[in-house]
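Notes follow once the structure below has been shown.
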Amino acid sequence: MTMPERKALFGFGPGTAVGEVSEILRCAAQADRDGLDLFTISDHPYYGSRLDAYATLGFVLGRTSAITGVANVTNLPSRPAPMLARTVTSLSALSGGRVVLGIGAGGYWDEIVRLGVPRLEPGAAVRAMEEAVTLVRALSGGGGPVTFDGEFYQVSGIDPAPVPAPPIWLGSVGPKSLAVAGKLADGWIPGRAADWLSSRYRESRPVIDDAAAAAGRDPAEIATIYNLPGRITASPLSATRDGAGRWIGGSAGQWVEELTAAVLEHDASGFVYFVADDTPSEVALGRWTQEVVPAVREAVAGA
């Protein structure tokens, strides 16, 4: 997937409950039909009540024609990097390149270890993520057999897939993880409800930029894509942020004003919308795709 001519990507993240299959597929079709860029699925394989992220993405990509699928973010400890490379390159080949690889080092370790996965301390989990990014790229794009002898991953004489690696976006939080994003990633997902005015962004983005510069990269090439829960209301709200400064939503016009400023003034690269109230998902998605996104695209293009 290549970044489009516009300056920002727009996506939607539905729930993943097994009992909501029809709604998830309906939303995917609607998002694809209405011209969204991204359809994202969370990855929590330790919960039996939730759909598997990559099985869902494969099914969704097979039923859509233009939208890109993203695991937001892949639970790396439960998906070994060599197999993850095979999964994403296969999805890319099958879908015509409509996949982005989102990766997280692992956050819910008390749940993860229930899968039989060895617990890693935070520093080790970040080193494992760095190795994973390197190995996924090595096992993509063709070329000769790959041998990799790392701290966490070892492969011997494995042929790469003849498919380019997809863009890799990291859900980095701590300083070491942010440095890996700056060194290796194509994009950064700050985390749910962290936006361009949040302290997480203000404190974290400079770490990414410094690491990118130290690696000889242009920091501007690393996209920032926000997971953005909120309400799209019929009439304007008196306050669009709560007492802690978190975005809570507002009318379509308030969303348009806020997101346009985020792109033009704060270099935001994309937004994944999550419904944050009891509005039916198809209604909320319709407001997002028909009232908010087109207006932001138009405002950004005309700036």
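Taking only protein heavy atoms and a 1.4 Å probe, what accessible area per residue, in Å², does the chain have with all protein chains in place?
Result: 44 Å² of accessible area for each residue.
Taking the simple approach of a point 7 Å from Cα along Cα-to-Cβ for both S90 and S156, what is their distance in nm?
About 2.4 nm separates the two model spin labels.
Going by average Cβ density within 10 Å per residue, which order do the peptides 256-264, 116-124, 200-208 take, highest to lowest?
Highest to lowest by the protection proxy: 256-264, 200-208, 116-124.
Given the -39500 (n - 2.57) contribution per DSSP H run of 4+ residues, what per-residue ellipticity at 222 nm results for the chain, rounded to the nearest 500 deg cm²/dmol?
So the calculated ellipticity at 222 nm is -12000 deg cm²/dmol.
What fraction of the DSSP beta bridges in the chain is antiparallel, stated in percent and rounded to the nearest 5?
15 percent
From Cα pairs below 8 angstrom and at least 6 apart in sequence, can you work out the relative contact order of the range 193-281, rounded to a whole percent?
The normalised contact order for the range 193-281 reaches 33 percent.
Helix 293-302 against the longest principal axis of the chain: what's the angle in degrees, Cα atoms only, rounded to the nearest 10?
Roughly 90 degrees, rounded to the nearest 10.
So for each of 22-29, 99-106 I average, over its residues, the number of other beta carbons within 10 Å; can you give me the resulting order with the highest mean first?
Output ranking for 22-29, 99-106: 99-106, 22-29.
With both partners inside the range 27-166, how many of the DSSP beta bridges are antiparallel, as a percent to the nearest 5?
25 percent
Using a Förster distance of 25 angstrom, determine the FRET efficiency expected from the C-beta separation of R26 and A234, and round it to 0.05.
0.65
Could you check which residue among R246, R114, R127 shows the biggest mean-square fluctuation in a GNM of the chain with a 10 Å Cα cutoff?
So, out of R246, R114, R127, the one fluctuating most is R114.
Give the relative contact order (percent, whole number) for the range 150-241; include only Cα pairs under 8 Å separated by 6+ residues.
Relative contact order here is 28 percent.
Considering the alpha-carbon set of the range 128-198 alone, what are its Rg and its Dmax in angstrom?
In order Rg, Dmax, the Cα atoms of the range 128-198 give 14.4, 47 Å.
Rounded to the nearest 0.05, what FRET efficiency do D242 and T147 have when you use their Cβ-Cβ distance and R0 = 51 Å?
Taking R0 as 51 Å, the efficiency between D242 and T147 is 0.50.
Helix 21-33 versus the longest principal axis of the chain: what angle, 0 to 90°, nearest 10, using Cα atoms?
80 degrees
Specify which labelled value, from (i) 172; (ii) 155; (iii) 134, agrees with volume of the Cα convex hull per residue in Å³ derived from the coordinates of the model shown.
Only one listed value fits the structure, namely (iii).
What is the angle, in °, between the Cα long axis of helix 122-138 and the longest principal axis of the Cα atoms in the chain? Nearest 10 is fine, range 0 to 90.
Relative to the chain, helix 122-138 is tipped by roughly 80 degrees.
Could you grab the relative contact order for the chain? Cα pairs under 8 Å, six or more apart, rounded to a whole percent.
In percent, rounded to a whole number, it is 17.
Can you order the peptides 152-160, 188-196 by their average number of other Cβ atoms within 10 Å per residue, highest first?
188-196, 152-160
So how far, in whole Å, is the C-alpha centre of the range 164-196 from the one of the range 96-149?
One Cα centre to the other: 13 Å.
Would you look at the GNM of the chain, springs on alpha carbons closer than 10 Å, and say which of A132, A55, A85 moves the most?
A55
The values are calculated or read from the model by the stated rules, or taken from the named source; none is laboratory data. If you're wondering where the values come from, they're calculated on a predicted model, not measured in any experiment. Glycine gets a Cβ as well: all are built from the backbone with ideal geometry, and neighbour counts include every protein chain shown. Protein only, heavy atoms only, side chains kept; ligands, DNA and RNA dropped before computing areas. Shrake-Rupley method; radii C 1.70, N 1.55, O 1.52, S 1.80 Å.
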